[in-house]
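Just so it is clear, none of the values below were taken in a lab; they were calculated from the coordinates. Treat the numbers as computed from the prediction; the structure is a model and nothing was measured. Glycine also receives a Cβ, built like all others from the backbone with ideal geometry; neighbour counts cover every protein chain displayed.
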Amino acid sequence: MSGKGMRLTGTALAGLGLLGMLLVYSLSFFWVSTELSQGVAQRIFYVHVPAAWTTFLAFGIAAFTSGMYLWLRDERLDRAALAAAEGGMIFATIMLTTGPLWGKIAWGTYWTWDPRLTSTLLMWFIFLGYFMVRNSTENPEKGKRFAAVVAIVGALDIPFIHLSVVWFRSLHPDPIVLKPDRPSLPADMLIVLLTSVLSFTMIFLGLFLLRYALETLRAGQQARAREATA
Amino acid sequence: MSAYLGQIGAIAWKDLLLELRTRERVVAMGAFAVLAAVLFNYSIDRTVVRPQDIGAGLIWMTIVFGGLLGVGRTFHLEAEDGALQGVLMSPVPKDAIFLGKTLSNFVLLYIVSLLVVAVFMLFFGMELGTSPPMLALALALGALGFVALGTLFAAVSSGTRMGETLLPILLFPLLIPVIVFGAGATGRLLSGRPVSEVVGNIRMLAAFALMAVAAGSVLFRFVVED
Amino acid sequence: MAPESASPPSATTTPALEACGIVREYGPVIAVAGIDLSLERGEFLTVFGPNGAGKSSLLGLLSGALRPTRGDVFINGTRLDFGAVDWRHDVGVLSHQGFLYAQLTVQENLRFYGRLYGLTDLDSRIPERLAEVSLADRSNSRVGQLSHGMRQRLALARALLHDPDVVLLDEPYTGLDPSAAAVLRGVLTGLKDGRRTVVMVTHNIGEGIALASQVAIQVRGRFAWQGSRADVEAVDFERLYHRVVEGRA
């Protein structure tokens, strides 16, 4: 896909995703049924679960492309990892800022060590490490390799982190806890949830393509500048 | 295979020999352990909380912070005269270098962690609990996981402008499982719970340590190449 | 004299050390901008050049310390593969830094490296090497207590410990007093035994030419001048050097 094609696809995807989000918001406010025990507060579920999912997806893409980058040394793979990591960090930030705010409004507490939020917080820090390491080396090539290592180890660690956070939480159950979404969901909730997941994923992929295209342009510009001085 | 193990041994032995000569890291880590326990004592109101209730967590936090001191300097030994270059240019596979360094770091940290437990028992009147061997195992597995990731990222951070200050930022999120399962197992053992209740935690610690050592072995070469 | 053009592995005899169009970039900085060289067994190449010309990077590429951005290095006809380790037995490097541990003794340092290289006859080998560099009496001294010249000699012993066929030396004469330089000269002359191939980077024109069978001047990542010993002796080398360096500056 050419640069322009990527930008067009990216914009289209992101646009579609945003429309999807509008749909999700209207559905969750006006259409979907209210959960029995938690009431209206539960509807944050339709934003938080997809946001967490998208962060995981971004992480996975970043780690996979990082691994391929270390193996094949193709700059494009590193650019993809960068784009994914940025996207992931953005979604994580959104989730981490809206989560506590919602918690305060709905239940009176900002932070309850909810496993989803906690895992996202830790992923946010791993992403932070990714960028810090990437930008703090003398030789930029080294920074890219270091960042790739951070992404890979982070991805390997995430299952452990999630298990430990969930286990810890199960020991200290909080009355104000988001109901686990494993038991069968009523059909209407499922529809809204899936629509939301789909929309979030489209927004993420759209942003990912745009960011990747931008980075490709930047790399091309740097290469031309170097040839001019050589 | 024996040549490979011999190379790992040579590197680990060299590190420990250097540590014996300079005693830099072990003194720093040991002093930290004792002082941390003292500070914790003064930071707790004993009329409100029993040290035994939070002892396991404090022990693991002390081990982690103290461990950072030690593992952060693991590549300083080689930095002085560029010795790491010399080792990298030798026929030793990069994963063997990693394993050798991890081994020596493990020995150091394990000794210090035993010291930490002893100090906390002394200062806070805690008992060894249900099963000292299990406790020793939990400490060993936790220390191994910590040290493996710590060695890998110490190599990373020493190649950056920020140096060691970057290490906690990189390591802490990744070490959550070690803290959760390690302190979880330790807390239960110290408060007299049966061994069956900690087996799950021990298994997780072992799986984590395995992941950390494997990941470090594979990825180290990408960190040290130039 | 024009720089030699690239030569593929020769059909008659395999060069001991060969580089084909090697390039080394550090991000936007180009340290080595395309160098070809081909050395037969037993040759001694001295590389001169101003600071910043990329000479250390060149040695780094030849020794396998640095991965080339482009191009390849061949040792005895085999392409240098970063993943493999066996070829490292054939290369010995003396760098700016000694690769030594200050708190360990001379013996302990050599023993450590000996074990890394899988050498089994260290009990006889180490005393031999130490004698060659006149350090036999300091075997149990801590490296931190040695003078710079002695540490340099120990570093040389370390570089040659495993009897490499290819020896790479990065400014070995720097900081040496005349007697230490004499010891070094002795050892380096001993390297010209027809078996070993040597590349030496130095600022010391006298010593550099005395030992060389080939000479090159590196400027800004390239060989601006290359020639044999005979070519060098036919001209006023110092004049030539300045002309070449300033001409390209």
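Here are some notes:
- Averaged over peptide C:114-121, the number of partner chain Cβ atoms lying within 10 Å of each residue's Cβ comes to 5.
- Computed helical MRE - 222 nm, the protein assembly as shown, DSSP H runs ≥ 4 contributing -39500 (n - 2.57), nearest 500: -21500 deg cm²/dmol
- Candidates B:Ile63, B:Ile97, B:Ile44: whichever shows maximal mean-square fluctuation once chain B is modelled as a Gaussian network with Cα springs under 10 Å: B:Ile44
- Crossing angle, helix A:187-229 versus chain A [Cα axis fit, 0-90 degrees, rounded to tens]: 20
- Cα-based helix-to-principal-axis angle, A:115-135 vs chain A, degrees rounded to 10: 10
- 0 to 90° range, to nearest 10: angle between helix C:237-248 axis and chain C longest Cα axis: 60
- When the chymotrypsin sites (Phe, Trp or Tyr not before Pro) in the range C:50-101 are filtered for DSSP coil states and for at most 13 other beta-carbon atoms within 10 Å of their beta-carbon, the remaining sites are C:Phe82.
- Calculation over all alpha carbon pairs of the range C:17-248 in 10 angstrom steps from 0 returns a P(r) of 8, 32, 36, 20, 4, 0 percent.
- The length gained on full extension between A:Lys4 and A:Arg224, counted as 0.36 nm times the residue separation minus their Cα-Cα distance, comes to 77.3 nm.
- Among B:Asp53, C:Asp231, a tally of other beta-carbon atoms within 10 Å of each Cβ gives an order, fewest to most, of B:Asp53, C:Asp231.
- Student exercise, the range C:17-248 dipole from Lys, Arg, Asp, Glu Cβ charges, in Debye to nearest 20: 480
- Global form of the protein assembly as shown, assessed from the alpha-carbon gyration tensor, a/c cut-off 1.5: oblate
- Straight-distance crosslink candidates among aspartates and glutamates, where the alpha carbon sits under 15 Å from C:Lys55 and sequence neighbours closer than 8 are dropped: C:Glu25, C:Asp36, C:Asp170, C:Glu171
- As a calculated quantity, the FRET efficiency between C:Arg67 and B:Met61 at R0 = 41 Å, using C-beta atoms, amounts to about 0.50.
- In the elastic network of chain C, a GNM with C-alpha springs shorter than 10 Å, the most mobile of C:Gln97, C:Gln226, C:Gln107 is C:Gln97.
- Legend: residue pairs B:Lys14/B:Lys94; A:Lys142/B:Lys94; A:Lys4/A:Lys144, Cα-Cα distance threshold 20 Å; pairs beyond threshold, A:Lys4/A:Lys144.
- Charge sum, other residues only, whose C-beta stays under 12 Å from B:Pro91's C-beta, Lys/Arg counted +1 and Asp/Glu -1: +1
- When chain C is treated as a Gaussian network with alpha carbon springs shorter than 10 Å, the biggest mean-square fluctuation among C:Ala155, C:Ala33, C:Ala230 belongs to C:Ala230.
- Residue order, fewest to most beta carbons within 10 Å, for A:Tyr130, A:Tyr110, C:Tyr173: A:Tyr110, C:Tyr173, A:Tyr130
- Taking a straight line from the alpha carbon of A:Lys104, these lysines sit under 19 Å away, with near neighbours fewer than eight places off in the same chain left out: A:Lys179.
- For peptide B:14-25, the mean count of partner chain Cβ atoms within 10 Å of a residue's Cβ comes to 3.
- Positive end of the dipole of the protein assembly as shown (Cβ unit charges, origin at the Cα centre): among A:Ala12, B:Pro91, C:Thr78, the Cα lying farthest that way belongs to A:Ala12.
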